[in-house]
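Chemist: Please find one structure pasted underneath; my questions will follow.
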Amino acid sequence: FSDTYATSVQYVITKKGVTVNNIEDLKGKKMGVQMGTTGDLILTDEINGYQDDDGNNVEGVLQGSGAEVIQYKSALEAALDMNNGNLDAVVIDKLPAENIVAVNDNMTCTELVYADGSSTQEEYAIAVQKGNQELLDVINDVLKKLDEEGKIDEFILEHTGAAKVQ
């Protein structure tokens, strides 16, 4: 993998007045996610259970609680459905969550953590075929230059823009 170019954590969007202190507070809730994202994977595992790195079955913290995940093409579609009363929450990366909440006065968001305080932090990097050091070096040089010029932050903001839902 290349050098890390961004980090994020999962955030939960709710209507104002609804408090979610940790993932366990989502028991029995209907949650929207953007299909294929980290939020989708985390919640699906926590509802259905999963296998750890050693192949052991692990019960998810939401398993058997009646919690449900609904997949959407985008976080905006999920937020719209929540606004229409069809969802209790939306789980998505921090920046898109903050952008959605910034232009929707009836919504709020907070970091999604576990009861023990552990985070959902993840790092973003570019996969390169193992052994292709020449390409990896070029990618890392370009990432460094883009970071120094502030372009990575600019690209992230440009592609996760805010939109009002109605």
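The values are calculated or read from the model by the stated rules, or taken from the named source; none is laboratory data. None of the values given here were measured: they were computed from a predicted structure. Cβ coordinates were reconstructed from backbone atoms using ideal geometry, including for glycine residues, and neighbour counts include every protein chain displayed. We work out accessible area using only protein heavy atoms, side chains counted, and drop any ligands, DNA or RNA first. Shrake-Rupley method; radii C 1.70, N 1.55, O 1.52, S 1.80 Å.
Chemist: For Glu158, Glu24, Glu98, give the ranking by accessible area with the largest first, probe 1.4 Å.
Modeler: Values: Glu158 120, Glu24 45, Glu98 70 Å².
In descending accessible area the options line up as Glu158, Glu98, Glu24.
Chemist: For a quick check, take a GNM of the chain with Cα springs below 10 Å and name the residue from Asp53, Asp137, Asp105 with the largest mean-square fluctuation.
Modeler: Asp53
Chemist: Suppose R0 equals 30 Å; then what is the FRET efficiency for Phe155 and Asn86 from their Cβ-Cβ distance, rounded to the nearest 0.05? Could you put the intermediate results ahead of the total?
Modeler: On the way: r = 32 Å, r/R0 = 1.07.
Here the calculated transfer efficiency is 0.40.
Chemist: Looking at the P(r) of the stretch 14-111, how many percent of alpha-carbon pairs lie beyond 17 Å?
Modeler: On the way: 2324 of 4753 pairs.
Cα-Cα pairs of the stretch 14-111 separated by over 17 Å account for 49 percent.
Chemist: Tell me the mean residue ellipticity at 222 nm calculated for the chain from its helices only (DSSP H runs of n ≥ 4, each -39500 (n - 2.57), averaged over every residue, nearest 500).
Modeler: Roughly -10000 deg cm²/dmol at 222 nm, from the helical runs in the chain.
Chemist: Could you tell me the calculated FRET efficiency between Asp53 and Ala125, based on Cβ-Cβ distance and R0 = 22 angstrom, to the nearest 0.05?
Modeler: Here the calculated transfer efficiency is 0.65.
Chemist: Let me ask something additional. Lys27 accessible area, nearest 10 Å², 1.4 Å probe?
Modeler: 110 Å²
Chemist: Go through the stretch 73-88 residue by residue and turn each phi into a ³J(HN,Hα) via Karplus (6.51, -1.76, 1.60, θ = phi - 60°); whole Hz please, and just put x for glycine and proline.
Modeler: 5, 8, 5, 4, 4, 5, 5, 4, 5, 5, 4, 7, x, 8, 9, 8
Chemist: Can you sort Thr108, Thr4, Thr19 by 1.4 Å-probe accessible area, starting with the largest?
Modeler: Thr19, Thr4, Thr108
Chemist: Kindly list the residues of the stretch 1-17 that lie in the label zone of Lys145, defined by a backbone N under 13 Å from the point 7 Å along the Cα-to-C-beta vector.
Modeler: Correct set: none at all.
Chemist: For the chain, modelled as a GNM with alpha-carbon contacts under 10 angstrom, which of Glu134, Glu122, Glu111 fluctuates the most?
Modeler: Taking springs between Cα atoms under 10 Å, the residue moving most is Glu134.
Chemist: Sequence gap of 8 or more, or different chains, plus Cα separation below 24 Å: how many lysine pairs satisfy both in the stretch 58-166?
Modeler: 7
Chemist: Using 1/(1 + (r/R0)^6) with R0 = 25 angstrom and r between the beta carbons of Leu135 and Glu98, what's the FRET efficiency to the nearest 0.05?
Modeler: Between Leu135 and Glu98 the formula returns 0.15.
Chemist: Here's something else I'd like to know. Can you put Leu80, Leu62 in order of accessible area, largest first, using a 1.4 Å probe?
Modeler: From most accessible down to least: Leu80, Leu62.
Chemist: Along the three principal axes, how long is the stretch 10-68 when you take its alpha carbons, biggest first, rounded to the nearest angstrom?
Modeler: Projected onto its principal axes, the Cα set of the stretch 10-68 covers 40, 22, 17 Å.
Chemist: Additional query: Across the chain, what fraction of all alpha-carbon pairs, as a whole percent, falls in each successive 10 Å bin from zero upward?
Modeler: Computed distribution, short to long bins: 10, 34, 30, 19, 6, 0.
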